[in-house]
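Undergrad: Take a look at this one; I'll ask things after.
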Amino acid sequence: GNSVTQMEGPVTLSEEAFLTINCTYTATGYPSLFWYVQYPGEGLQLLLKATKADDKGSNKGFEATYRKETTSFHLEKGSVQVSDSAVYFCALSTDKLIFGTGTRLQVFP
Amino acid sequence: GAVVSQHPSWVICKSGTSVKIECRSLDFQATTMFWYRQFPKQSLMLMATSNEGSKATYEQGVEKDKFLINHASLTLSTLTVTSAHPEDSSFYICSARDIGGRVNGNTIYFGEGSWLTVV
């Protein structure tokens, strides 16, 4: 069946460090891929998405490229801020949205 | 952008009572809404898919009689937790898909979530 695998957290970084959160997927067909972010005590917000192979989603300095050959959608940011501390969920969509387990990011000044 | 509103944001109820959570799409029509449950520091578990005008489709292991879902209109779905127990305490999140979009490539918008505490 369809599934999403994310790297385990927490990921702890200093401010301005480079961020990578790995995400790989298994799916039949051609799913759309998403990154959602959840700040403490809040619901989910869409961070970025990609709908087909080689698409790059980007928002707020975050980027992720839909790699069909490696079935991956890794999230990257060149310089993280304390305000980026949150839980990040990778997800794929076919007839329903399936989430990875989430990766907690902690950024310290 | 599209907005999905959930109400209440948090609720405390006594064990054995029922509690209803509403999910509304504010600026688009949603034939399909989804209900998720999230335990602390864990991922979201899809509970059921709510279809306007028909019965909800429940995921394996989710009790239909305990988690009643009604999708009476194109902008409103409700989740009722019946005879609530402390183990039902959780963060419940709904999401909605725009009526006009295709399944693939469509962006699904989430509500703010509802904290349920059963005492």
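Undergrad: Can you run the Rg to Rh ratio on the range B:8-119? Use alpha carbon positions and the Kirkwood inverse-distance Rh.
TA: Details: Rg = 13.6 Å, Rh = 14.2 Å.
Dividing the radius of gyration by the Kirkwood radius yields 0.96.
Undergrad: Can I ask one more? Could you tell me which Cys residues in the protein assembly as shown have no other cysteine's Cβ under 4.7 Å from their own Cβ, answering none if every one has a partner?
TA: Here B:CYS13 come out as lacking a disulfide-compatible partner, given the Cβ-Cβ threshold of under 4.7 Å.
Undergrad: Need the C-alpha centroid separation for the range B:15-44 versus the range A:1-19, integer Å.
TA: 26 Å
Undergrad: In addition: Which of the lysines could a cross-linker bridge to A:LYS60, judged by Cα under 16 Å and excluding same-chain residues fewer than eight apart?
TA: Within the straight-line limit of under 16 Å, A:LYS60 reaches these lysines: A:LYS49, A:LYS77.
Undergrad: Further, regarding this structure: Relative contact order, percent, of chain B when contacts are C-alpha pairs under 8 Å separated by at least 6 residues? Walk me through the numbers before you get to the answer.
TA: Numbers: 300 pairs, mean separation 43.7, N = 119.
Worked out over chain B, it gives 37 percent.
Undergrad: Return the long-range amide H neighbours of A:LEU44 (sequence gap of 5 or more, or a different chain), with a cut-off of under 5 Å between placed amide H atoms.
TA: none
Undergrad: Mind listing the phi-derived Karplus ³J(HN,Hα) values for the range A:77-83, rounded to whole Hz, using 6.51, -1.76 and 1.60 with θ = phi - 60°, and x for any glycine or proline?
TA: After applying 6.51 cos²θ - 1.76 cosθ + 1.60, I find 8, x, 8, 7, 10, 4, 5 Hz.
Undergrad: Sticking with this one: Let me know the mean shielding of A:38-46 by other chains, meaning the per-residue number of their Cβ atoms within 10 Å of its Cβ. Walk me through the intermediate numbers first.
TA: On the way: counts 6, 0, 0, 6, 5, 14, 11, 3, 6.
The mean count of partner-chain Cβ atoms within 10 Å per residue comes to 6.
Undergrad: Which of the aspartates and glutamates could a cross-linker span from A:LYS56 if the Cα-Cα distance has to be under 14 Å and same-chain partners fewer than 8 positions apart are dropped?
TA: Reachable aspartates and glutamates: A:GLU76.
Undergrad: I've got another one for you. When you look at the Cβ of every residue in A:94-103, what mean number of other chain Cβ atoms sits within 10 Å? Kindly include the intermediate steps, with their values, before the conclusion.
TA: On the way: counts 2, 5, 10, 9, 3, 6, 2, 4, 5, 0.
Mean number of neighbouring Cβ atoms from other chains: 5.
Undergrad: Counting only DSSP beta bridges with both residues in chain B, what percent are antiparallel, rounded to the nearest 5? Each step should come with its number before you reach the end.
TA: On the way: 37 of 41 bridges.
Expressed as a percentage, antiparallel bridges in chain B total about 90.
Undergrad: Treating cross-link reach as a plain straight distance, find the lysines whose alpha-carbon is under 29 Å from the alpha-carbon of B:LYS14, omitting any fewer than eight places away in the same chain.
TA: Result set, ordered by chain and number: B:LYS41, B:LYS55, B:LYS64, B:LYS66.
Undergrad: Sorted from largest down, what three extents in whole angstroms do the Cα atoms of the protein assembly as shown have along their principal axes?
TA: That gives 49, 38, 32 Å along the principal axes, largest extent first.
Undergrad: To the nearest whole percent, what portion of all C-alpha pairs in the range B:1-70 is separated by more than 21 angstrom? Walk me through the intermediate numbers first.
TA: Working: 775 of 2415 pairs.
Looking at the range B:1-70, the distances longer than 21 Å represent 32 percent of pairs.
Undergrad: By average Cβ neighbour count within 10 Å, what is the ranking of A:80-88, B:15-23 from highest down?
TA: My ranking of the peptides, most packed first, is A:80-88, B:15-23.
Undergrad: Within the range A:22-56, list the trypsin sites (Lys or Arg not before Pro) lying in a DSSP loop whose Cβ has at most 16 other Cβ atoms in a 10 Å radius. Please list the in-between numbers first.
TA: Working: sites: A:LYS49, A:LYS52, A:LYS56; in loops: A:LYS52.
Counting only loop positions with at most 16 other Cβ atoms within 10 Å, the trypsin sites (Lys or Arg not before Pro) in the range A:22-56 are A:LYS52.
Undergrad: Using θ = phi - 60° and the Karplus form 6.51 cos²θ - 1.76 cosθ + 1.60, what ³J(HN,Hα) does each residue of the range A:36-42 get, whole Hz, x for Gly and Pro?
TA: 10, 10, 10, 7, x, x, 10
Undergrad: Same structure, new question: Mind checking the range A:1-56 for chymotrypsin sites (Phe, Trp or Tyr not before Pro) that DSSP puts in a loop (not H, G, I, E or B) and that have at most 13 other Cβ atoms within 10 Å? Let's see the in-between values first.
TA: Working: sites: A:PHE18, A:TYR25, A:PHE34, A:TRP35, A:TYR36; in loops: A:PHE18.
Filter output for the range A:1-56: A:PHE18.
Undergrad: Would you please give the residues with an amide H less than 5 Å from that of B:GLN29, counting only those at least 5 places away or on a separate chain, with H modeled from the backbone geometry?
TA: So B:GLN29 has HN proximity to B:ILE99.
Undergrad: May I pose another question? Pull up all non-local amide H partners of A:SER85: gap of 5 or more, or a different chain, and H-to-H distance under 5 Å with H placed in the peptide plane.
TA: Residues meeting the criterion, in which the H sits 1.01 Å from N, are A:VAL107.
Undergrad: Out of all DSSP beta bridges with both ends in chain A, state the antiparallel percent to the nearest 5. Mind dumping the intermediate values first?
TA: Values: 35 of 39 bridges.
Taking every DSSP beta bridge with both residues in chain A, the antiparallel ones total about 90 percent.
Undergrad: Mean-square fluctuation check for chain B, GNM, Cα pairs under 10 Å: which of B:VAL11, B:VAL81, B:VAL62 is largest?
TA: Looking only at B:VAL11, B:VAL81, B:VAL62, the largest GNM fluctuation is found for B:VAL62.
Laboratory data are not the source of any read-out in this text; all were calculated from the coordinates shown. Remember, it's a predicted structure, so these values are computed and weren't measured experimentally. Note: ideal-geometry Cβ built from the backbone for every residue, glycine included; neighbour counts use all protein chains shown.
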